[in-house]
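A.B. asks: Got a structure for you, written out below as structure tokens; questions coming shortly.
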Amino acid sequence: MKIVFFGLGSIGQRHAKILLKNYKYDLFAFRSGVDSQKNNLDIKELHSWKEVEQLKPDVAFITNPTYLHIETAIKCAEIDCKLFIEKPIDRDLNGLEKLLKIVKNKNLVTYIAYNLRFHPVILALKRYMRDRKPLHVRAVCTSYLPSWRLADDYLRSYSANTRMGGGVILDLSHELDYVSYLLDGVKRISGNFGKVGKITVDAEDYADMLLETDFCPVSIHVDFLSHLRQRYIQIDFDDLTVVADLINAEIKEYKDESLKGNKRLDYDKGQEYTKQIEYFFDNIENPKMMNNLIEAQDLFRKIINFKNTKNE
């Protein structure tokens, strides 16, 4: 199987390393700049679209900056590549209908990569949902952008720039995705967001979102501002409250305002990326695999519509 990576930044390299370690596929990297520094994974490089067409790759890993996702996916879909598209789908809806049309007409295999669906905490919460009806969900993700983008260039990263698809709504859209996954969809997103700090160029650095679902109301807070790193979900059920910590892979159960249980899950940091790739290749001939483009586009449209309320 021939696989081309479009983008070998941190996330592209993470996926490529998993493939190099666990699979015997032929990997290639498309590098748009002839003067680009050679990749350090010893992956053969392609420097023109003609080379890509001649190669006839089976799969495209689209891991370049967000604003190039749909543009790249269209070109790859036109030559019948299966598509592994890193989240989010793009920075806006431009080109989405064209991409969807090609994917539907060719019945292409696609997947939008939200790796937290494979985190043991999310999988455990999915099991809680089998026997209980949630009354309310609260999700929180706080972090400090300069600590996870190199301090000398974080303002040049896509995370900090709206035109590149940055900002917390898209960059931290994992929370929106896993809530949708746990609750079988999102009907509407509303709330507030904006830029209040100095750690982005023009992208929003916080968002407080309210979600309507068929099960229960949801509140989500995400930001790039906090010096306290947190990623947790609180779910209130009739019989107990569950607080699930994704960073420490820990689930606590409360009843009558007292801690009744504390469970540490088996978790190796980053294993969700490996599990995600396993899922993709296990379903490599299944156009209806979980979170394919046709399925994922519904939530993506709601995210973009919410983000666009800033301009209303």
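The values are calculated or read from the model by the stated rules, or taken from the named source; none is laboratory data. Note that the structure is a prediction, hence the values are computed from the model and not measured. For neighbour counting, all protein chains shown are included, and Cβ atoms are generated from backbone atoms with ideal geometry for every residue, glycine included. Side chains are part of the model used for accessible areas, which takes the heavy atoms of the whole protein and leaves out ligands, DNA and RNA. Shrake-Rupley method; radii C 1.70, N 1.55, O 1.52, S 1.80 Å.
A.B. asks: For I85, which of the numbered conditions (1) outside any strand (DSSP E or B); (2) crowded, with 18+ Cβ neighbours inside 10 Å; (3) not aromatic (F, W, Y) fails to hold?
C.D. replies: The one condition I85 does not meet is (1).
A.B. asks: Here are some conditions: (1) open to solvent by 60 Å² or more (accessible area, probe 1.4 Å); (2) acidic (D, E); (3) on the phi < 0 side of the Ramachandran plot. E272 meets all but one. Which one does it not meet?
C.D. replies: Checking E272 against (1) open to solvent by 60 Å² or more (accessible area, probe 1.4 Å); (2) acidic (D, E); (3) on the phi < 0 side of the Ramachandran plot, the one that fails is (1).
A.B. asks: It is to be established whether one or more residues within region 41-55 are over 21 Å from G270 (Cβ atoms), open to solvent by 70 Å² or more (accessible area, probe 1.4 Å), among the basic types (K, R) and assigned to a loop (DSSP other than H, G, I, E, B).
C.D. replies: So far as region 41-55 goes, no, none of its residues is over 21 Å from G270 (Cβ atoms), open to solvent by 70 Å² or more (accessible area, probe 1.4 Å), among the basic types (K, R) and assigned to a loop (DSSP other than H, G, I, E, B).
A.B. asks: When you go through K133, K126 one by one, which is the residue that is assigned to a helix (DSSP H, G or I) and not acidic (D, E)?
C.D. replies: Going through K133, K126 in turn, just one is assigned to a helix (DSSP H, G or I) and not acidic (D, E): K126.
A.B. asks: Can you work out which of the residues in region 150-171 that are assigned to a loop (DSSP other than H, G, I, E, B) and open to solvent by less than 10 Å² (accessible area, probe 1.4 Å) is nearest to D298 (Cα to Cα)?
C.D. replies: Filtering region 150-171 for residues that are assigned to a loop (DSSP other than H, G, I, E, B) and open to solvent by less than 10 Å² (accessible area, probe 1.4 Å), the one nearest to D298 (Cα to Cα) comes out as G165.
A.B. asks: What do you reckon, is D238 open to solvent by 60 Å² or more (accessible area, probe 1.4 Å), more than 19 Å from Y178 (Cβ to Cβ) and in contact with a helix residue (DSSP H, G or I) (Cβ under 6 Å, 6 or more places away or on another chain)?
C.D. replies: The answer is no for D238.
A.B. asks: I've got another one for you. Give all pairs with beta carbons closer than 9 Å in which a residue from region 279-292 that is without any contact (Cβ under 8 Å) to a residue 12 or more places away in the chain meets a residue that is among the acidic types (D, E); count only pairs at least 6 apart in sequence or on separate chains.
C.D. replies: Close Cβ pairs satisfying both conditions: K288/E295.
Let's see how each residue does on (1) among the small types (G, A, S); (2) touching a Lys or Arg at 6+ places or on another chain (Cβ under 6 Å):
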| position | (1), (2) |
| --- | --- |
| H221 | no, no |
| Q230 | no, no |
| I233 | no, no |
| V242 | no, no |
| D245 | no, no |
| K255 | no, no |
| S258 | yes, no |
| N262 | no, yes |
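A.B. asks: Kindly evaluate S226 against the criterion of being in contact with a Gly (Cβ under 9 Å, 6 or more places away or on another chain) and open to solvent by less than 40 Å² (accessible area, probe 1.4 Å).
C.D. replies: no
A.B. asks: Restricting to region 216-230, name every residue that is part of a strand (DSSP E or B) and within 19 Å of L183 (Cβ to Cβ).
C.D. replies: V218, S219, I220, H221, V222
A.B. asks: For region 183-203, which residues satisfy the criterion of being in contact with a strand residue (DSSP E or B) (Cβ under 8 Å, 6 or more places away or on another chain), under 21 Å from A296 (Cβ atoms) and outside any strand (DSSP E or B)?
C.D. replies: Selection gives L183, V186, K187.
A.B. asks: Here's a check for you: in region 40-86, which residue that is without any contact (Cβ under 8 Å) to a residue 40 or more places away in the chain and touching a Gly at 6+ places or on another chain (Cβ under 7 Å) is farthest from N107 (Cα to Cα)?
C.D. replies: E71
A.B. asks: Shifting gears a bit: Among what's in region 56-82 and is in a loop (DSSP other than H, G, I, E, B) and touching a Cys at 6+ places or on another chain (Cβ under 8 Å), pick the residue that is most open to solvent (accessible area, probe 1.4 Å).
C.D. replies: Per the stated criteria, the residue is D58.
A.B. asks: Within region 241-253, how many residues are surrounded by fewer than 16 Cβ atoms within 10 Å (Cβ to Cβ) and of a type outside the set (V, I, T)?
C.D. replies: Matching residues across region 241-253 total 1.
A.B. asks: Take the residues of region 193-223 that are open to solvent by less than 10 Å² (accessible area, probe 1.4 Å) and modelled with pLDDT under 95: which is nearest to S173 (Cα to Cα)?
C.D. replies: Applying the filter and picking the extreme gives A203.
A.B. asks: So which pairs qualify, if the first residue must be in region 191-211 and at positive phi, the second must be open to solvent by 80 Å² or more (accessible area, probe 1.4 Å), the Cβ gap must be under 6 Å, and the two must be at least 6 apart or on different chains?
C.D. replies: G191/L210
A.B. asks: What number of residues within region 15-35 satisfy the criterion of being in a loop (DSSP other than H, G, I, E, B) and either more than 28 Å from N94 (Cα to Cα) or open to solvent by 80 Å² or more (accessible area, probe 1.4 Å) (or both)?
C.D. replies: Within region 15-35, residues that are in a loop (DSSP other than H, G, I, E, B) and either more than 28 Å from N94 (Cα to Cα) or open to solvent by 80 Å² or more (accessible area, probe 1.4 Å) (or both) number 6.
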